[in-house]
Amino acid sequence: MSKAPFRADHVGSFLRPKALLDARARFKEGTIDAAALREAEDEAIRGVVRMQEELGLQGITDGEFRRSYFHTDFLLQLDGVEEAGGTQVKFHQHGGKELEYAPPVMKVTGKVRHARSIQRRDYEFLASCTTRLAKVTIPSPTMLHFRGGRDAIDEAAYPELEQFYDDVAAAYRAEIADLAEAGCRYLQLDDTNLAYLCDETQRANARARGMDPDALPRLYARIINDSIRDRPADMVACVHLCRGNFRSSWAAEGGYEPVAEVLFNELAVDGYFLEYDDPRSGDFAPLRHVPEGKRVVLGLVTTKLGQLETAEHIKERIDEAARHLSLDQMALSPQCGFSSTVHGNDVSFAQQEAKLRLVVEVARDVWGEL
């Protein structure tokens, strides 16, 4: 596997260093300007790039250090999209604790348009910091639909949802074309919704919003496919499925079986980053649906707990997965980012680095190259 996703890879976000959090706080207070904040972000990104390179990783991200949330900072730069409060959700933690949290909900108040570059400048800076492959992570286009449904999409702008789906895909195509022109060849779409559709509670919530959870996987595959269809032939596009990642907690559970056939056979991506760090993600049987030519990055190392897994345990799990999918089609990563929001998970910087090092070491042992 000489191209992305790599044998040892990662989802993208990293814990924010204190200097960056302090700069963000000062910017919010008005004591520094946007230029000074960007300088602090640049310095922090140089540091996290060095960390990734020193560990031996081949796909390099900026840690999502310029964002507060993995999705809102991107989506709000599209015309016609606004933030409209949050939807109260019970997030679950290991040990049976629950965390009340209201993730931001995007509301479509007008025609969705790509009026400006969103990630190009950030990509160009990242690419200037590394000789390895710079990866851009952006939220899936489905994030503009699932959490709010029809009620979050202005009927005056979109009396029919088909035009909304078309406009969202067109906006994404414009952004991806802009990134491609800048040189980006590794793109990841972060999607919570396909994973949420594996959870019975989330499926019931979707019905309450007027949606058919059995029909949504195929609709979402179509929207994503329309969004990435014009990418260059040498641009790798992957999707990461996440069941929620806020301060070491999650919002959904359940194996991939309800979405597996559509996910693996109708979604026209090159690879999948899948959570498989504990029983809430189900077993590996859904991997039997993966066709030849596609790659699955097994998220076997958790980012939610600081305790370090053993190499032996990870290898045993890879062997289990290999009963359903060729070893040559697999790779290894942490299960999610370490900081999908600016708040970060309840792990230390040393634990974050140790988990990434474990991924690299196990990948070398299993596949012999990265």
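Under the membrane-span-like helix rule (DSSP H runs whose alpha carbons stretch at least 30 Å along the helix axis, mean Kyte-Doolittle hydropathy -0.5 or higher), the chain yields 34-55, 161-182. With a cut-off of 10 Å between beta carbons, the residues surrounding ARG280 carry a summed charge of -4, where Lys and Arg count +1 and Asp and Glu -1. Residue pairs exceeding 26 angstrom between C-alpha atoms, taken from LYS3/LYS355; LYS107/LYS355; LYS18/LYS304; LYS135/LYS294; LYS18/LYS135; LYS28/LYS111: LYS107/LYS355; LYS28/LYS111. The candidate values were [x] 32, 27, 21; [y] 28, 26, 21; [z] 33, 24, 22; the one computed from these coordinates for semi-axes √(5λ) of the Cα gyration tensor in Å carries the label [y].
Accessible surface of SER117, taken over heavy atoms with a 1.4 Å probe and every protein chain present, rounds to 60 Å². Here the range 309-356 and the range 49-86 have alpha carbon centers that stand 20 Å from each other. Counting only protein heavy atoms and a 1.4 Å probe, tell me what percentage of the chain's accessible area is made up of carbon and sulfur. Carbon and sulfur atoms account for 47 percent of the accessible area of the chain. Across all directions, the shadow cast by the convex hull of the range 221-346 built on its C-alpha atoms averages 8.3 square nanometres.
In the context of the full set of protein chains, residues of the chain present 39 Å² of accessible surface per residue (probe radius 1.4 Å, heavy atoms only). Taking ASP230, ASP167, ASP62 as the candidate residues, the one with maximal mean-square fluctuation in a Gaussian network model of the chain, Cα springs under 10 Å, is ASP230.
Each Cα pair under 8 Å and six or more residues apart adds its sequence gap; the mean of these over the residue count of the range 253-324 is a relative contact order of 35 percent.
Placing LYS3, LYS135 in order of accessible area, with the largest value first and a 1.4 Å probe, yields LYS3, LYS135. For the chain, the relative contact order is 21 percent, taking Cα pairs closer than 8 Å that sit 6 or more residues apart in sequence and dividing their mean separation by the residue count. For the chain, with a Gaussian network of springs between Cα atoms less than 10 Å apart, report the residue from LEU327, LEU78, LEU358 with the top mean-square fluctuation. Checking each option, the largest mean-square fluctuation is seen for LEU327. Distance from the C-alpha centroid of the range 13-43 to that of the range 152-194: 29 Å, rounded to the whole angstrom. Magnitude of the charge dipole for the chain, about its Cα centre and with charges confined to Cβ atoms of Lys, Arg (+1) and Asp, Glu (-1), is about 400 debye. With helices as the sole contributors, the chain gives -11000 deg cm²/dmol at 222 nm; each DSSP H run of n ≥ 4 counts as -39500 (n - 2.57), and the sum is divided by every residue.
Note on the chain: GNM, Cα springs under 10 Å; of GLY183, GLY30, GLY80, the largest mean-square fluctuation is that of GLY30. Among DSSP bridges having both ends in the chain, what percentage is antiparallel? Round to the nearest 5. Taking every DSSP beta bridge within the chain, about 30 percent pair in antiparallel fashion.
The values are calculated or read from the model by the stated rules, or taken from the named source; none is laboratory data. Computed from a prediction, not measured in an experiment: that's the story for all the values here. Quick reminder, even Gly has a Cβ in these numbers, built from the backbone with ideal geometry, and neighbours come from all protein chains shown. With ligands, DNA and RNA removed, areas are computed over all heavy atoms of the protein, side chains included. Shrake-Rupley method; radii C 1.70, N 1.55, O 1.52, S 1.80 Å.
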